[in-house]
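Notes for the one structure printed next.
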Amino acid sequence: MKTLLRIVCSLLFAIGLLVSGTVNAEDFSTSFAKSAWNPSPWLFVIGPMKGSPSWIQKDGWIENDGDSTNMLLKAPYKGDVTVTSNMAFLKNLAPLVIFASKIKEDGKGNYSYDGPYIEVVIYNKGINAWRDGKRLVSFCEFPMQNETKYRLEVTKKGNQYTVKAGDHTFGFYDDSLTGDYYVGVSGCEGVDRIYDFSVAQVVPPAPKAK
């Protein structure tokens, strides 16, 4: 019976992804202000750190409780996108945006990463990019201030990532994500504020007429 229930839950999850748009999800944009966003396109994901599958809702933003809270859009993307989020940290660490290759459900409604994922993190000493929460793939050091809103923008074009925050831009290459992938946000290692989130697909320029 338990095995059958797990199979049914997995099928429902797969159907839900199909209904929401299995690949090539449309551009997405939301504010996380109170009464301004809809939780239904999102799912919480358990990462390697202690976490909570919920946010604390404030008037103009959502924030975590000091532990890790990871949230991904249910509909995956394929191809090139630009992800943007305005965010802040209260004491040094560390909100981030996520690119995740696969997720899985345990039959009890809990989701976790099931493949490589990239995290681009802002903190008091700049920006780090991590693979799978443990391998540092790139960084850019510059001072960032507590309780200050920063616009973090990450453009993924194939295996190339371009990161912008404040007046700083840097890039890195990573081949771990191929095919479809999920995007989202996280509050991690301290209390973090997430004000909004958007995804825009990068459309290649039309060829010039001869």
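The values are calculated or read from the model by the stated rules, or taken from the named source; none is laboratory data. Just so it is clear, the model here is predicted, and its values are computed rather than measured. Because the Cβ atoms are built from the backbone with ideal geometry, glycine has one as well, and the counts that use them run over all protein chains shown.
Here is how the numbers come out for the structure above:
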quantity: Unique match (being out of contact with any helix residue (DSSP H, G or I) (no Cβ under 9 Å at 6 or more places or on another chain), of a type in the set (G, A, S) and at pLDDT 95 or above) among G133, G126; calculated: G126
quantity: Residue tally, condition within 15 Å of N128 (Cα to Cα) and either more than 12 Å from the chain's Cα centre (by Cα) or among the basic types (K, R) (or both), over the range 89-109; calculated: 4
quantity: Condition met for D67 (among the acidic types (D, E), modelled with pLDDT under 95 and over 12 Å from the mean Cα position of the chain (by Cα)); calculated: yes
quantity: Residue among G171, G190, G184 that alone is modelled with pLDDT under 95 and either surrounded by fewer than 12 Cβ atoms within 10 Å (Cβ to Cβ) or in contact with a strand residue (DSSP E or B) (Cβ under 8 Å, 6 or more places away or on another chain) (or both); calculated: G190
quantity: Pairs with Cβ under 8 Å, 6+ apart, first in the range 27-44 and under 24 Å from S112 (Cα atoms) and without any contact (Cβ under 8 Å) to a residue 60 or more places away in the chain, second in a loop (DSSP other than H, G, I, E, B) and not hydrophobic (A, V, I, L, M, F, W, C); calculated: P41/K74
quantity: Residues of the range 111-156 satisfying the condition of being in a loop (DSSP other than H, G, I, E, B) and out of contact with any Pro (no Cβ under 9 Å at 6 or more places or on another chain); calculated: D114, G115, P116, F142, P143, M144, Q145, N146, E147, T148, K149
